[in-house]
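Input: a single structure, listed below in structure tokens.
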Amino acid sequence: MSRAYYVTTPIYYVNAEAHMGHTYTTVLADSLARYHRLRGDRTFFLTGSDEHGEKILEVARERGEDPAVTSEYFSIRFRETWKELGIGFDRFIRTTDADHVAVVQSILQKVWDDGHIEFREYEGDYCVGCERFLTERDLVDGLCRDHERAPERRSEGNYFFKMSEHFDWLAGYIEDHPDFIRPERYRNEVLSMVKEDSGLGDLCISRPKTRLDWGIELPFDDGYVCYVWFDALINYLTAIGYPDGEDFELLWGASEHLIAKDILKPHAVFWPTMLRAIGLEPARHLNVHGYWNLDDRKVSKSLGNMISPLIMRDKYGFEAFRYFLLRSMSFGIDANFSEDALITRINADLANNLGNLVSRTLNMTGRFADGRVPAPDATGGDDALEQAVQDACAEAVASVDQYVESMEVHRALEALFRAVDATNQYLEKREPWKAAKDPARAASVPTTLYTCCEALRIIALLLSPFLPETAAEILARVGLAGALDSARLPEDAVWGRIPVGGETTKGKPLFPRIDPLEPSQQSQ
Ligand code: ME8
């Protein structure tokens, strides 16, 4: 049955270049989209840039530029970076795009007409880094918890979205839909935000033009522009053709937001209540991950400790970095980055485990099977050892599906590599390099090599959403160049589909072993 899948990343602020934090969310979204495309689902993958607001104006001023010039520059940098890294988004939205501006204004008008907005005087502590007024909980020793800077005291007349009217409904919704916000720790955090007296009231959604004119004008008061978060969140609707695009309802019903915990409140409180006022259901899931940290501090633009994905690509290859990101962060929990950990992971999983399986198998099809996938021996194929490899592959197919569904991609990869382990162990037991020279065992060699080629085919198919280039290369080496173009899960992962006689290629090592770094070689 064909289903739908709509995955979004946050739209990133255009005040600096992409770093490893953005890369993690984007690579994860890319992998999920690829997986669902492989399943034959109607899939849409959205990323983009968040261009309005004071944060961007500040950077533009520092650069002595018009904000439109600064945001254009960084937006193109983000887009080009993702393109260069092979990220297959369906749309790169910019909040300055004409269709987005029109949708934001139509929604503002609608919620204004429906009485969800009112004008008030307001005084509070504003953090330009967060682009919002802070509450007590956001402050540590008087400084913003995330940006480590003092907020500004501000007082002005503004328009407010009457968000708190929806808090009881939101708490009920979260309780009735236990996996709406996942993992659970963030669900509990949000429940306490809306249930207890957390100081979270209504949402100021305007900025007077006298102070800030870089934004979308309110349709009902041309003296104001729209607050950047109210504008930004709506991108998720614009991109799929709100209100009457052909697939809008189908895709919105299948929406999966990916964010880190820094923007939990806007996505878990502002956004569902905004949607309620607009008359739409919340997204299907709000999937929240932790931070990539460097020396226990969040990797971020404002703290200046960024790791560039382009530098990592040049040093280690992007597929290796991509694997590390997906495999080494348990979804929902913070992870520490170090190049030592990256190298250890690449060597253990990619060079030794997967790389060895590929090179040993294809070396031997070259030596013992004329460089072709051999036909399995009719008597050897149902042996318990062969069966164990088949079972390991079948289990990987089921586990990957289950863990992709539950947003535990690190576990999906772990499960997939269990099939790689099982195939390596099988090779160790069958010892085709010795068996070929032993008349009593020589007949087992074609079955052994067939089994390994077929396991590699299934492993590559399952790996393709996560490491697309590596998977395509493995498939090409077992005689199936281009197979990913028309592959489908789960049907193509059924055992026994590799064409016998397909030409195999030994090729270079997929992932050469990397020597551990000297301390002076660590880059940032
Ligand atoms: O917040 N670890 O944009 P932003 C993991 N424009 N992920 C990280 C990270 C880290 N150290 N640092 C950043 C904004 N990220 C708004 C979003 S959406 C309607 C508007 C990732 O450029 C992570 O996905 O600050 C995080 O939520 C996002 O970048 C913040 O990107």
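To keep it simple, each residue is scored yes or no on (1) over 22 Å from GLU131 (Cβ atoms); (2) more than 10 Å from the ligand (Cβ to nearest atom).
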{"position": "ARG3", "(1), (2)": "yes, yes"}
{"position": "THR8", "(1), (2)": "no, no"}
{"position": "ALA16", "(1), (2)": "no, no"}
{"position": "HIS22", "(1), (2)": "no, no"}
{"position": "THR25", "(1), (2)": "no, no"}
{"position": "ARG34", "(1), (2)": "yes, yes"}
{"position": "GLU58", "(1), (2)": "no, yes"}
{"position": "ARG61", "(1), (2)": "no, yes"}
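Being hydroxyl-bearing (Ser, Thr, Tyr) and away from the ligand (no atom under 12 Å from the Cβ) is the filter here; which residues of segment 42-56 pass it? Talk me through it step by step, then tell me what you get.
Step one: of segment 42-56, the residues hydroxyl-bearing (Ser, Thr, Tyr) are 43, 47, 49.
Residue satisfying the conditions is THR43 alone.
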Note to self: Return the residues of segment 340-370 that are loosely packed, with under 15 Cβ neighbours inside 10 Å and assigned to a loop (DSSP other than H, G, I, E, B); say none if nothing qualifies.
What the structure shows: ASP370
Checklist line | Among the residues listed as MET329, MET364, the single one being of a type in the set (A, V, I, L, M) and closer than 26 Å to MET407 by Cα | finding: MET329
Margin query: Looking at the structure I just gave you, is ALA171 small (Gly, Ala, Ser) and over 17 Å from HIS267 (Cα atoms)?
Written below: no
Next item on the list: For segment 423-524, please list each of the helices (runs of 4 or more DSSP H) lying entirely inside it that holds at least 1 residues being modelled with pLDDT of 95 or more and under 28 Å from SER308 (Cα atoms).
Entry: 445-463, 468-477
Item checked: Criterion violated by MET312 - all others in (1) away from the ligand (no atom under 13 Å from the Cβ); (2) surrounded by fewer than 19 Cβ atoms within 10 Å (Cβ to Cβ); (3) at negative phi satisfied -> (2)
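Looking only at segment 190-200, count how many residues are within 31 Å of the chain's Cα centre (by Cα) and free of Cβ contacts under 8 Å to residues at least 40 places away in the same chain.
The total comes to 3.
Of ILE459, ILE514, ILE474, which residue is in contact (Cβ under 8 Å) with a residue 12 or more places away in the chain, aliphatic (A, V, I, L, M) and surrounded by fewer than 22 Cβ atoms within 10 Å (Cβ to Cβ)?
Checking each option against the conditions leaves just ILE514.
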Next item on the list: Answer yes if at least one residue in segment 372-379 is among the polar types (S, T, N, Q) and closer than 30 Å to GLY332 by Cβ, and no otherwise.
Entry: no
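What residue, among those in segment 213-247 that are of a type in the set (Asp, Glu) and within 28 Å of the chain's Cα centre (by Cα), is surrounded by the most Cβ atoms within 10 Å (Cβ to Cβ)? Before the answer, list the steps.
Applying the first criterion (of a type in the set (Asp, Glu)) to segment 213-247 yields 213, 217, 221-222, 231, 244, 246-247.
Those left that are additionally within 28 Å of the chain's Cα centre (by Cα): 231, 244, 246-247.
Details: ASP231: 25, ASP244: 7, GLU246: 9, ASP247: 14.
The residue in question is ASP231.
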Note to self: Go through (1) under 26 Å from GLY290 (Cα atoms); (2) away from the ligand (no atom under 13 Å from the Cβ) for ARG39 and report which single condition fails.
What the structure shows: (1)
Next item on the list: Please work out which one of (1) near the ligand (Cβ under 9 Å from one of its atoms); (2) farther than 20 Å from HIS177 by Cα; (3) surrounded by fewer than 19 Cβ atoms within 10 Å (Cβ to Cβ) is the condition LEU264 fails and give its number.
Entry: (2)
Check: Does segment 489-511 include one or more residues that are under 24 Å from the mean Cα position of the chain (by Cα), over 16 Å from ALA419 (Cβ atoms) and surrounded by fewer than 16 Cβ atoms within 10 Å (Cβ to Cβ)?
Finding: no
Note to self: Looking at ALA320, ALA348, can you tell me which residue is away from the ligand (no atom under 16 Å from the Cβ) and free of Cβ contacts under 8 Å to residues at least 12 places away in the same chain?
What the structure shows: ALA348
Notebook entry, point to check: Can you tell me how many residues in segment 37-91 are among the aromatic types (Phe, Trp, Tyr) and closer than 27 Å to ASP401 by Cα?
Noted result: 4
Checklist line | Residue list for segment 114-132, filter: closer than 25 Å to ASP262 by Cα and of a type in the set (Val, Ile, Thr) | finding: VAL128
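What residue, of TYR242, TYR291, is in contact (Cβ under 8 Å) with a residue 12 or more places away in the chain, of a type in the set (Phe, Trp, Tyr) and out of contact with any strand residue (DSSP E or B) (no Cβ under 8 Å at 6 or more places or on another chain)?
Every option except TYR242 fails the conditions.
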Next item on the list: Looking at (1) in contact (Cβ under 8 Å) with a residue 40 or more places away in the chain; (2) away from the ligand (no atom under 16 Å from the Cβ); (3) closer than 17 Å to PHE133 by Cα, find the lone condition where ASP231 falls short.
Entry: (2)
Notebook entry, point to check: Is at least one residue of segment 280-301 more than 11 Å from the ligand (Cβ to nearest atom), crowded, with 21+ Cβ neighbours inside 10 Å and among the acidic types (Asp, Glu)?
Noted result: no
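Condition check ((1) farther than 30 Å from ASP334 by Cα; (2) among the hydroxyl-bearing types (Ser, Thr, Tyr); (3) in contact with a Pro (Cβ under 9 Å, 6 or more places away or on another chain)) across all residues:
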residue	(1), (2), (3)
GLU123	yes, no, no
PHE133	no, no, yes
GLU175	no, no, no
ASP179	no, no, no
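The values are calculated or read from the model by the stated rules, or taken from the named source; none is laboratory data. The structure presented is a predicted model; accordingly, all values stated were derived computationally and were not measured. Positions of Cβ are backbone-derived with ideal geometry, glycine not excepted, and every protein chain shown enters the neighbour counts.
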